[in-house]
Amino acid sequence: MQREARRRRRVCSLSASRSVAILGAGSWGTALTTVLVGAARVRLWARSPELASELRRRRVNSRYLPGIPLPDHVEPTSELAYALRDADTVVYAVASCGMADVAAMAAPLVRPHALLVNAAKGLEEGTGRRMSEVIQASLAGLPAREADVVAISGPNLAAEVARGLPTATVAASLSPAAQAACRELWMGPTLRVYTSPDIVGVELAGAMKNVIAIGAGVCEGMGFGDNSRAALMTRGLAEITRLGVALGAESRTFLGLAGVGDLIATGGSRLSRNYRVGLGLGQGRPLAEIVAELGQVAEGVPTTRAICRLAERVGIEMPVSRAIHSVLFSGAPVTDAIGELMRRPPQAEGV
């Protein structure tokens, strides 16, 4: 109780100044700047000096989010120390494959007791760690650091968020004060922010649904109908829920915005990179060509490896995810993978 009260006082004091650093100037990091309603100053960090220079000059992220102007109070920079100077809130919006490096570089520069927000939807490929765990690990041993991280996740396609279309998301943390601070930063006319204590489930759902979205794209690429896509998405949701619960998540989280909500959005939209990966695979295109064309990370690709390893570790059967794994990494023909799914022994729906 005393620890949470101290947190509440710190969060209340930081929310008055609202200085935000967003680490990552991809489509999602850029989109988040457009809906920040509780920040007086925002610094958007790009790893590439060329991209930061273009953002300062043109005030549009023409590579990752074309046609959307940056708000006037957003200052692009490629200097990490400058981005984090006096930042009360640090938003980690980099791809999962780069999170450990960026978090390690940022760690000694992050203010003690700053609000930390994970906006990435992926798992560390080699270890299966959630992104909040990666961020917390980078801060281990630093003085005066209580690293409760908030994760934001939901059906949040970056282009739609940036265009101001009505959207909802979830802010999840073990700390109610951190949940509330995150909600105050982003909840506005076009973005409704719900809160949850289940950061494990919200992060796992946001990451694992990308794998199932690849499978949904495969269905369209193969020319299958809505029945096929609905069946794959539903059974995929069942298996990622099983794995999530085995890893400490609450099953109801997978029935909310971070789970089924995000799966509906990414499993049926060509704005989703993961869906487009599946679409290309279903059309017979090689993975390397599809990924090169995207020009950005499709988190579902490395996450497929991560969740299949996690499933082996805890003994959870994941037939849909393993079928996608075989297509992505073992060269299995899509028709063979689908045929194996359809020939599995009959069973009751609840298993």
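The values are calculated or read from the model by the stated rules, or taken from the named source; none is laboratory data. All values reported here derive from a predicted model rather than from experimental measurement. All Cβ positions, glycine included, derive from the backbone under ideal geometry; neighbour counts span all protein chains shown.
A few notes on this one:
- Of all the listed residues (Thr89, Thr34), the sole one being assigned by TED's automatic domain parsing to the domain that holds Ser138 and within 21 Å of Ala159 (Cβ to Cβ) is Thr34.
- Qualifying residue in region 264-276 (condition: modelled with pLDDT of 95 or more and more than 17 Å from the chain's Cα centre (by Cα)): no
- Where helices (runs of 4 or more DSSP H) fall wholly inside region 253-351, the ranges with 2 or more residues that are closer than 19 Å to Asn210 by Cα, outside the structural domain of Arg163 (by TED's automatic domain parsing) and touching a strand residue (DSSP E or B) at 6+ places or on another chain (Cβ under 8 Å) are 300-314.
- Test: residue in region 276-298 that is surrounded by 16 or more Cβ atoms within 10 Å (Cβ to Cβ), more than 29 Å from Arg192 (Cβ to Cβ), of a type outside the set (D, E, K, R) and without any contact (Cβ under 8 Å) to a residue 24 or more places away in the chain: yes
- Qualifying residue in region 270-293 (condition: of a type in the set (Asp, Glu) and more than 23 Å from Val334 (Cβ to Cβ)): no
- Odd one out for Leu70 among (1) modelled with pLDDT under 95; (2) in contact with a Leu (Cβ under 8 Å, 6 or more places away or on another chain): (1)
- Residue under evaluation Gly248, criteria (1) under 19 Å from Gly350 (Cα atoms); (2) surrounded by fewer than 20 Cβ atoms within 10 Å (Cβ to Cβ), criterion not met: (1)
- Residue among Ile199, Ile240 that alone is surrounded by 21 or more Cβ atoms within 10 Å (Cβ to Cβ), closer than 30 Å to Ser19 by Cβ, in contact with a Lys or Arg (Cβ under 9 Å, 6 or more places away or on another chain) and in contact (Cβ under 8 Å) with a residue 12 or more places away in the chain: Ile199
- Residues (assigned to a loop (DSSP other than H, G, I, E, B) and of a type in the set (Gly, Ala, Ser)) located in region 152-185: Gly154, Gly164, Ser173, Ser175
- Yes/no for Glu133 being surrounded by 14 or more Cβ atoms within 10 Å (Cβ to Cβ), out of contact with any helix residue (DSSP H, G or I) (no Cβ under 8 Å at 6 or more places or on another chain), without any contact (Cβ under 8 Å) to a residue 12 or more places away in the chain and farther than 15 Å from Ala25 by Cα: yes
- Hits in region 100-126 - residues which are β-branched (Val, Ile, Thr) and either outside the structural domain of Gly26 (by TED's automatic domain parsing) or assigned to a helix (DSSP H, G or I) (or both): Val102
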